[in-house]
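Each remark here refers to the structure printed beneath this line.
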Amino acid sequence: MTETTIISTTHLNLYYGDNNAVKDVSMEIPDKRVTALIGPSGCGKSTLIRCFNRMNDLVPGVRITGQIDFRGENIYGRGADPVEIRRKIGMVFQKPNPFPKSVYENVAYGPRIHGINDKKRLDEIVERSLRNAALWDEVNERLKDSAMGLSGGQQQRLCIARTLAVEPEVILMDEPCSALDPIATSKIETLINELKKQYCVIIVTHNMQQAARVSDYTGFMYLGEMIECGTTTQIFEHPREELTENYITGRFG
């Protein structure tokens, strides 16, 4: 891959007890590109991206073997700090999950935890993050209002702004549009296109049309295995594996 690799996995396995949910995945993910993970429900897509910021550490009975490197450093190595890893590799979930606080406090929350309390600086971070999440123009007069009063699509963009506020390098998105209507989905997709200018974006999606629209690279997973990984054009137009072609053409899934 001629791109700059930001995350790579080598023989990555994840077990829930005896269940091998992610099987021997070796892949490279390029910086400042969108990588989509597709595949049927339960194939390990969400589990895989939760490995990238060590969120599976929080699940009882999980065991991980193999290696994940972030900018060349093993994130499961001795001395790796999970809190710092989660700051650099942010996560946006399937269902918008704003805090029951004001719009402003939702975005300021992360920087405050990391020790930023200067109001002027927080104001700047909040505005920049909301602008980068394409939400500022809609909420700049409602910063003191509860985030719970925003629409679903606005709440999801607020969650993206909250992720951006702590200056990550990678943004993980686990089916970020599955709870949204087509108009809100279109806004998120446009936003993803903008975000990749500054960040690596990894998106899990069931929607193959969405993967084709927003991603530069696509990985197809099935029963915990990475069946095929390549440019989105290659995966959708010239898949190397019969299983990939069968999934993309709707023969199963």
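Some observations on this one:
- Among the residues of segment 5-43, those that are exposed (fewer than 15 other Cβ atoms within 10 Å of the Cβ), touching a strand residue (DSSP E or B) at 6+ places or on another chain (Cβ under 6 Å) and either part of a loop (DSSP other than H, G, I, E, B) or on the phi < 0 side of the Ramachandran plot (or both) comprise 10, 26.
- Residue 210 vs. criteria under 13 Å from the mean Cα position of the chain (by Cα), surrounded by 15 or more Cβ atoms within 10 Å (Cβ to Cβ) and not hydrophobic (A, V, I, L, M, F, W, C): no
- Scope segment 189-205; condition outside any loop (DSSP other than H, G, I, E, B), open to solvent by less than 10 Å² (accessible area, probe 1.4 Å) and in contact (Cβ under 8 Å) with a residue 60 or more places away in the chain; matching residues: 192, 195, 200, 201, 202, 203, 204
- Unique match (being of a type in the set (Lys, Arg) and farther than 22 Å from residue 16 by Cβ) among 63, 78: 78
- Looking across segment 71-98, the residues that are in a loop (DSSP other than H, G, I, E, B), out of contact with any Cys (no Cβ under 8 Å at 6 or more places or on another chain) and surrounded by 15 or more Cβ atoms within 10 Å (Cβ to Cβ) come down to 75, 76, 94.
- The set of residues in segment 148-188 that are aliphatic (A, V, I, L, M), part of a helix (DSSP H, G or I) and under 21 Å from residue 87 (Cβ atoms) comprises 158, 160, 161, 164.
- One residue stands out among those in segment 227-253 that are in contact with a helix residue (DSSP H, G or I) (Cβ under 9 Å, 6 or more places away or on another chain) and charged (D, E, K, R): the one that is nearest to residue 44 (Cα to Cα), which is 228.
- Qualifying residues in segment 99-116 (those that are assigned to a loop (DSSP other than H, G, I, E, B) and under 22 Å from residue 146 (Cβ atoms)) - the one least open to solvent (accessible area, probe 1.4 Å): 99
- Just one of (1) surrounded by fewer than 19 Cβ atoms within 10 Å (Cβ to Cβ); (2) without any contact (Cβ under 8 Å) to a residue 60 or more places away in the chain; (3) in a loop (DSSP other than H, G, I, E, B) fails for residue 252. It is (2).
- Test for residue 57: is it in contact with a helix residue (DSSP H, G or I) (Cβ under 9 Å, 6 or more places away or on another chain), modelled with pLDDT under 95, surrounded by fewer than 17 Cβ atoms within 10 Å (Cβ to Cβ) and in a helix (DSSP H, G or I): yes
- Annotation note: of 185, 231, the sole residue that is open to solvent by less than 50 Å² (accessible area, probe 1.4 Å), over 15 Å from the mean Cα position of the chain (by Cα) and among the hydroxyl-bearing types (Ser, Thr, Tyr) is 185.
- Residues in segment 209-248 that are assigned to a loop (DSSP other than H, G, I, E, B) and under 21 Å from residue 178 (Cα atoms): 215, 216.
The values are calculated or read from the model by the stated rules, or taken from the named source; none is laboratory data. Computed from a predicted model, the values in this text were never measured in an experiment. All Cβ positions, glycine included, derive from the backbone under ideal geometry; neighbour counts span all protein chains shown. SASA here: full protein model, heavy atoms, side chains in, ligands and nucleic acids out. Shrake-Rupley method; radii C 1.70, N 1.55, O 1.52, S 1.80 Å.
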